[in-house]
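*Asks:* Got a structure for you, questions after.
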Amino acid sequence: MTTHTELHNLQSAFPLANGVRMPWLGLGVFKVPEGDEAANAVKEAVRLGYRSIDTAAIYDNEMSVGTGIREALAETGLARESLFVTSKVWNADLGYEETLAAYETSLRKLGLDYLDLYLIHWPVAGKYKAAWSALEKLYAEGRVKAIGVSNFHVHHLEDLLQAATVAPMVDQVELHPRLQQPELRAYAAKRGIRIEAWSPLMQGELLDDPTLTAIARRHGRSVAQVILRWDLELGVATIPKSTRTHRIAENADVFDFSLTEEDHRQIAAMDRGLRVGPDPDNFNF
């Protein structure tokens with residue numbers, strides 16, 4: 001569990017294995033189309049205090065995310081170094097030279113000189129080790145602050161670690177009360193790999209859940225806030241996606257209350273191993 005003293009506000013961050021500090025809570029932009037919607041969401045998030053922005057090549061919105069970042073920095077006077085920007089290499093670009101080229105493309109679209117975190121998006125069999133070598137090169141050259149993976153099960157991590165010189169610092173996975181991944185979380189904790197949750201709200205499917213609704217009512221909070229607070233208290237970073245200013249603000253307002261042990265017991269009992277996204281052991285893209 002994360003100690004409550006570590007969770008002061010939206011700028012609260014934790015150290016990765018290499019000492020780089022990563023914010024606990026960030027903005028995700030999955031399925032937000034290129035254009036003003038994505039740029040404005042990023043700009044509003046930074047204005048509200050967010051410091052972590054997560055995108056990916058396959059989201060096809062890196063240009064707009066970059067626009068939002070630049071406009072936010074100009075309006076707030078913040079330095080680029082105050083933000084933690086993540087992107088991911090897509091499956092079609094997994095390979096040593098291909099991944100190096102994909103990184104340059106992402107930087108160009110974002111209009112940035114470096115990324116804070118670069119991830120392998122999916123564990124494509126026979127390809128992710130070569131891609132990881134490329135990430136290690138980028139990291140060794142100081143062109144990215146931290147490297148990691150996404151959607152890797154324990155066996156994928158074990159396979160990668162056999163060949164890796166640098167261990168992944170982050171594993172970004174689907175994680176929510178219906179898919180709590182205790183084995184993966186325990187494995188990652190032992191090896192200094194931080195878990196980050198995508199789809200923490202199960203793409204909205206949990207917002208009417210009676211258990212969570214009752215917990216939210218007791219705390220005078222929304223179900224979304226309860227779930228995000230649960231992530232943080234588990235020691236899991238999280239990147240809820242929203243483009244509406246009031247939702248972006250609501251999602252950030254989770255640093256002034258705490259869940260009880262009974263709340264945690266009730267949420268733990270909700271785990272069903274249910275996914276809204278693909279199974280990393282069974283995908284064909």
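*Asks:* Among what's in the range 255-282 and is within 23 Å of SER150 (Cβ to Cβ) and of a type in the set (A, V, I, L, M, F, W, C), pick the residue that is farthest from the chain's Cα centre (by Cα).
*Replies:* LEU274
*Asks:* Can you name every residue in the range 250-285 that is without any contact (Cβ under 8 Å) to a residue 40 or more places away in the chain, surrounded by 15 or more Cβ atoms within 10 Å (Cβ to Cβ) and not in a helix (DSSP H, G or I)?
*Replies:* Scanning the range 250-285 gives a single hit, ASP253.
*Asks:* Can you pull out every residue in the range 73-97 that is touching a residue at least 12 places away in the same chain (Cβ under 8 Å), surrounded by fewer than 18 Cβ atoms within 10 Å (Cβ to Cβ) and assigned to a loop (DSSP other than H, G, I, E, B)?
*Replies:* Correct list: LEU78 only.
*Asks:* Within the range 113-144, restricting attention to residues that are aliphatic (A, V, I, L, M), assigned to a helix (DSSP H, G or I) and within 12 Å of LEU160 (Cα to Cα), which residue is nearest to the chain's Cα centre (by Cα)?
*Replies:* Checking each candidate, the answer is ALA131.
*Asks:* Just the residues that are among the aliphatic types (A, V, I, L, M) and in contact (Cβ under 8 Å) with a residue 40 or more places away in the chain, please, taken from the range 152-172.
*Replies:* ALA167, MET169, VAL170 - these are the residues of the range 152-172 that are among the aliphatic types (A, V, I, L, M) and in contact (Cβ under 8 Å) with a residue 40 or more places away in the chain.
*Asks:* Separate question: How many residues are crowded, with 19+ Cβ neighbours inside 10 Å and either of a type in the set (Phe, Trp, Tyr) or free of Cβ contacts under 8 Å to residues at least 40 places away in the same chain (or both) if we restrict to the range 204-215?
*Replies:* Total meeting the criteria: 1.
*Asks:* Also: Output the number of the condition that GLY66 fails; it satisfies all remaining conditions of (1) buried (at least 22 other Cβ atoms within 10 Å of the Cβ); (2) in contact with a strand residue (DSSP E or B) (Cβ under 7 Å, 6 or more places away or on another chain).
*Replies:* Of the numbered conditions (1) buried (at least 22 other Cβ atoms within 10 Å of the Cβ); (2) in contact with a strand residue (DSSP E or B) (Cβ under 7 Å, 6 or more places away or on another chain), the odd one out for GLY66 is (2).
*Asks:* Continuing with the same structure: Checking GLY148 against (1) in a strand (DSSP E or B); (2) touching a residue at least 60 places away in the same chain (Cβ under 8 Å); (3) not charged (D, E, K, R), which single condition isn't satisfied?
*Replies:* Condition (2) is where GLY148 drops out.
*Asks:* Separate question: Pull out all pairs, ordered by first then second residue, where Cβ-Cβ is under 6 Å, the residues are six or more apart or on different chains, the first lies in the range 184-201 and is farther than 13 Å from PRO15 by Cα and aromatic (Phe, Trp, Tyr), and the second is at pLDDT 95 or above and surrounded by 21 or more Cβ atoms within 10 Å (Cβ to Cβ).
*Replies:* Short answer, once both residue conditions are applied: TRP198/GLN172; TRP198/GLU174.
*Asks:* Sticking with this structure for a sec: State whether the residues of the range 36-46 include one that is out of contact with any Cys (no Cβ under 9 Å at 6 or more places or on another chain), at pLDDT 95 or above, surrounded by fewer than 15 Cβ atoms within 10 Å (Cβ to Cβ) and among the small types (Gly, Ala, Ser).
*Replies:* Scanning the range 36-46, I find no residue that is out of contact with any Cys (no Cβ under 9 Å at 6 or more places or on another chain), at pLDDT 95 or above, surrounded by fewer than 15 Cβ atoms within 10 Å (Cβ to Cβ) and among the small types (Gly, Ala, Ser), so the answer is no.
*Asks:* While we're looking at this one, here's another question. Can you confirm whether LEU117 is closer than 12 Å to SER87 by Cβ and surrounded by fewer than 21 Cβ atoms within 10 Å (Cβ to Cβ)?
*Replies:* Details: closer than 12 Å to SER87 by Cβ: yes; surrounded by fewer than 21 Cβ atoms within 10 Å (Cβ to Cβ): no.
No: the conditions fail for LEU117.
*Asks:* Going by what's in this entry, would LEU25 be described as in contact (Cβ under 8 Å) with a residue 12 or more places away in the chain and within 19 Å of PHE257 (Cα to Cα)?
*Replies:* Answer is yes for this residue.
*Asks:* A further question follows. Restricting attention to the range 124-134, does a residue exist that is surrounded by fewer than 23 Cβ atoms within 10 Å (Cβ to Cβ) and among the basic types (Lys, Arg)?
*Replies:* The answer is yes, given that some residue of the range 124-134 is surrounded by fewer than 23 Cβ atoms within 10 Å (Cβ to Cβ) and among the basic types (Lys, Arg).
*Asks:* If you don't mind, another one. Just checking: which of the helices (runs of 4 or more DSSP H) contained wholly in the range 167-249 hold 2 or more residues that are among the basic types (Lys, Arg) and closer than 22 Å to LEU117 by Cα?
*Replies:* 182-190
The values are calculated or read from the model by the stated rules, or taken from the named source; none is laboratory data. All figures in this text were calculated on a predicted structure; none of them were measured in a lab. Using ideal geometry, Cβ is built from the backbone for each residue, glycine included, and neighbour counts are taken over all protein chains shown.
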